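Notes follow once the structure below has been shown.
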Amino acid sequence: MSVFKDHKISLSQVLAFIPEALLSHLSATTKVDHYSKVLHGKKMFYLLLFCIFDNERLSQRTLEDTFNSSGFKALFGLGEEEKVRSSSISERLSKIDPRYFKEIYEQMYQQFSGLYSKTEIEKYNLIRVDSTIVADACAKLKEGIDQKSGKKLVKFSFSFDGILPSGVEV
């Protein structure tokens, strides 16, 4: 069961914070759709957000199944003929400009901050999370994320509650 199922906010409430015009504007300014034919930035954002709310664990197979489902297509106005494979999702995730998602997040956070006082925000217990993958110094690792290129990667994730770092995961 998804972690978000226990929260008091729904996917539709989160989507209400994100005007479609903003997604289109950011697509143009970040040029996130420059080489993409099917998996435009907006579709990828909706797919990732939907899957975060609907699934316990994300995988490229889960993203493929969700994108190809009638329910997802109906919710986001996609044509039934649109289909993707997990390899296409993998390729798109490796190439998509992360600034697009960063800008969406910043806009959402700015809107949220403007609507609620600091006390009200604290009761929602929002935590910012940042992750990065490091490969440079990882050649000597026995364990890591195997890229099948001889190098292993390490992913670091840090969470921040607005006052202090509240978690680290490697």
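The values are calculated or read from the model by the stated rules, or taken from the named source; none is laboratory data. Keep in mind that what you see is a predicted model, and the values were worked out from it rather than measured. To get the accessible areas, we keep the full protein, side chains included, count just its heavy atoms, and leave off ligands, DNA and RNA. Shrake-Rupley method; radii C 1.70, N 1.55, O 1.52, S 1.80 Å.
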**Study point:** Per residue accessible area in Å² of the range 15-122, where ligands, DNA and RNA are left out and the probe is 1.4 Å
**Key:** 61
Revision key, fill the gap. A chain fully extended from Ser131 to Val170 at 0.36 nm per residue, minus the present Cα-Cα distance, gains in nm 13.1 nm
